[in-house]
Amino acid sequence: MSSALKWTDINEIAIELVEAYPDTDPMSVRFTDLMQWVMALDRFEDDPGHCGERILEAIQMAWMEEV
């Protein structure tokens, strides 16, 4: 089984988001929604308090690259 995802697993989170939301433009997602979507991923297990705007921005950029 795959290991749990943390906020620092930017690229892996991006891949999971592509699979979970294939028809979504990453740039159209608000950070508040993005944070909720990441925390809802099956493999995600990290403290919401460890997330900030820079991490969400990095996830969004990585998601764009995956699309």
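The values are calculated or read from the model by the stated rules, or taken from the named source; none is laboratory data. No experiment lies behind these values; they were computed from the predicted model shown. Ideal geometry is used to build each Cβ from the backbone, glycine not excepted, and the neighbour counts take in all protein chains shown. Areas reflect the complete protein model, heavy atoms only, side chains present, ligands, DNA and RNA absent. Shrake-Rupley method; radii C 1.70, N 1.55, O 1.52, S 1.80 Å.
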Please determine, by comparing only the residues of the range 14-27 that are part of a helix (DSSP H, G or I) and open to solvent by 80 Å² or more (accessible area, probe 1.4 Å), which one is nearest to Ser2 (Cα to Cα). Glu19
How many residues are touching a residue at least 40 places away in the same chain (Cβ under 8 Å) and under 13 Å from Glu66 (Cα atoms) if we restrict to the range 26-50? 1
Considering only the range 33-49, I want to know if a residue exists there that is open to solvent by 60 Å² or more (accessible area, probe 1.4 Å), farther than 23 Å from Ser3 by Cβ and in a helix (DSSP H, G or I). no
Selected residue (criterion: farthest from Ala62 (Cα to Cα)) from residues of the range 1-13 that are assigned to a helix (DSSP H, G or I) and open to solvent by 50 Å² or more (accessible area, probe 1.4 Å): Glu12
